[in-house]
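These notes concern the structure reproduced below.
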Amino acid sequence: MKRITIFALAMILVPAMVSVARDNGSSRDDRVGIVAETDKQLAVHVNGKAETQQPVIIDMNRPSSGAYNRNFPGQQQNNTALKQANSVPYYGRLKWTPNSRSRQWLLNLAWTQKQKNGLNEPGNKNAINAKPAAIVSHHHPYEPDYVRQKLKKLGVVSEPGYITNREDVIHTDKAHSIIVYPKTGFDNRPLHAAAVSSRNFNDKAVRAQMSMVNNSPWQDTIRGLNRTEIQANRYYWHNDKNFNYCHYIDNFGYHWYGWYAGNQYFWTRNYNNRWWLYDGDYDRWCFWNDGFWWWQDPYHIGDLYCYNNANYIPVNSAEDNVAVTVPDSGNTLAFTSPDRSRMVKVIADTQDAFMYDTLNPPVFNPVYLASGVKDVKFSDTGNGRPLEIILTLNDNSFDMFDGSGNPYNPGQTENDQAGGNSR
């Protein structure tokens, strides 16, 4: 419902849009300061009381694994997957903000701290070495605690934090998210089991299977098989006490495991020591954590959801204290608004879009808008109307923002709050 509403608004606004010229030059712009000190705790004052903010930093310097511009395990620099073969998956620890604070407040805080430390002055070594960051814009601004209460009713005991290295997030299109399942098992005996539907991944059989293979002994077994069974397009069959399972490596370097028990089966990927399951109905890869499947939106990397068969329930509280790095890339496309007040830069390698204020010094730090962006348009402000920004994503959906980088949230109905499937 939400996506349809956004599309309708986009169709109304597009005729009035002014498509801007693209600047394929350097990503560095003298008018824009992009350094924000967010790696350390910032002592701030709210209502006269000192508080400490520790944002979760999501590394945006590499694309997600298997993104539309491709980044499969065999293509990754320094063979990251092999480097992490014996490591434990890392999830960013999510610090919920008890009181709702505006994103602009956090941006102003980062800018104030930067000015205080002199990070914007020429010759300052910290300005060169500090890690650029921007504050994530969430697309589901629910009231604090709303989502968590809903998840508790499902039996969720603990929520995972964000996966903070985006390279660890699987995001492959449909053509690269399926394999040809085997027709025969041990001794070439025909298989008669039925595949579990994408709308039934919360079934007891699936959850019981994942619980059995997510412990330390099983993870050691899987890591051993990943190292020794390395021939692509071959089905490696194994037998356990209560089920049979099959190991398969596709042409892109992903390790697949099929689980066969009784008259049902389903297939997962084992990637960087996480279990992943593909929801073909919504073209999403979900990871297993503490009894549930979770989806981290690759288009809006700060948005996390809990899979619940036909629904995806947003985990995000309003105004989570989350930051993302701004990739230091010279390969960008720059889009400037007609009034020259805003610039949106799209990183060519990752298709991440960041909005900049063009004043010198800028009023706010860069704002992360979305990933998988293939086009940017601005509204015409000559008629006195406020600036509006439309991003076209790889899947041909639209994201809309105002001049401050705040996402439009039309159609925020009870259906949305019930965990609808729109992004």
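Across region 149-163, what is the total count of residues that are surrounded by 19 or more Cβ atoms within 10 Å (Cβ to Cβ) and either in contact with a Gly (Cβ under 8 Å, 6 or more places away or on another chain) or at pLDDT 95 or above (or both)?
Number satisfying all stated conditions: 4.
For region 243-256, give me each residue that is surrounded by 12 or more Cβ atoms within 10 Å (Cβ to Cβ), farther than 18 Å from ASN272 by Cβ and either of a type in the set (Ser, Thr, Tyr) or out of contact with any Phe, Trp or Tyr (no Cβ under 7 Å at 6 or more places or on another chain) (or both).
The one that is surrounded by 12 or more Cβ atoms within 10 Å (Cβ to Cβ), farther than 18 Å from ASN272 by Cβ and either of a type in the set (Ser, Thr, Tyr) or out of contact with any Phe, Trp or Tyr (no Cβ under 7 Å at 6 or more places or on another chain) (or both): TYR245.
Can you pull out the residues in region 347-395 that are among the hydroxyl-bearing types (Ser, Thr, Tyr), touching a Ser or Thr at 6+ places or on another chain (Cβ under 9 Å) and in contact (Cβ under 8 Å) with a residue 60 or more places away in the chain?
Once the filter is applied, which keeps residues that are among the hydroxyl-bearing types (Ser, Thr, Tyr), touching a Ser or Thr at 6+ places or on another chain (Cβ under 9 Å) and in contact (Cβ under 8 Å) with a residue 60 or more places away in the chain, region 347-395 yields THR350, THR358, TYR368, SER371, SER379.
In region 243-253, how many are within 31 Å of the chain's Cα centre (by Cα), touching a residue at least 40 places away in the same chain (Cβ under 8 Å) and outside any loop (DSSP other than H, G, I, E, B)?
Here the count works out to 2.
Can you find a residue in region 167-185 that is buried (at least 19 other Cβ atoms within 10 Å of the Cβ), of a type in the set (D, E, K, R) and not in a strand (DSSP E or B)?
yes
Taking interchain pairs and intrachain pairs at least six residues apart, which have beta carbon atoms under 9 angstrom, with the first residue in region 181-202 and over 30 Å from LEU154 (Cβ atoms) and the second of a type in the set (A, V, I, L, M)?
Hits for this filter: PRO182/LEU191; LYS183/LEU191; THR184/LEU191; GLY185/LEU191.
Tally time: how many residues in region 328-342 are at negative phi and assigned to a loop (DSSP other than H, G, I, E, B)?
8
What are the pairs with Cβ atoms under 6 angstrom where one residue, in region 221-242, is within 19 Å of TYR265 (Cα to Cα) and surrounded by 15 or more Cβ atoms within 10 Å (Cβ to Cβ) and the other, located anywhere, is at pLDDT 95 or above and hydrophobic (A, V, I, L, M, F, W, C)? Sequence gap at least six, or different chains.
What qualifies is TYR235/CYS246; TRP237/CYS246.
Taking the stated definitions as given, is ASP303 among the acidic types (Asp, Glu) and surrounded by fewer than 19 Cβ atoms within 10 Å (Cβ to Cβ)?
Judged against the criteria, ASP303 is not a match.
Among the residues of region 275-296, which ones are among the charged types (D, E, K, R) and buried (at least 21 other Cβ atoms within 10 Å of the Cβ)?
Of everything in region 275-296, just one residue is among the charged types (D, E, K, R) and buried (at least 21 other Cβ atoms within 10 Å of the Cβ), namely ARG284.
Look through region 348-402, keep the residues that are among the acidic types (Asp, Glu) and more than 24 Å from PRO298 (Cβ to Cβ), and return whichever of them is surrounded by the fewest Cβ atoms within 10 Å (Cβ to Cβ).
Restricting to residues being among the acidic types (Asp, Glu) and more than 24 Å from PRO298 (Cβ to Cβ), the top hit is ASP380.
Given ASN331, ASN273, ASN360, ASN311, which one is polar (S, T, N, Q) and closer than 23 Å to ASN214 by Cα?
It is ASN273.
Could you please let me know if ALA208 is of a type in the set (Gly, Ala, Ser), without any contact (Cβ under 8 Å) to a residue 12 or more places away in the chain and surrounded by fewer than 17 Cβ atoms within 10 Å (Cβ to Cβ)?
Against the criterion (of a type in the set (Gly, Ala, Ser), without any contact (Cβ under 8 Å) to a residue 12 or more places away in the chain and surrounded by fewer than 17 Cβ atoms within 10 Å (Cβ to Cβ)), ALA208 qualifies.
The values are calculated or read from the model by the stated rules, or taken from the named source; none is laboratory data. Note that this is a predicted model, so its numbers are computed, not measured. No Cβ is skipped: glycine too gets one built from the backbone with ideal geometry, and neighbour counts run over all protein chains shown.
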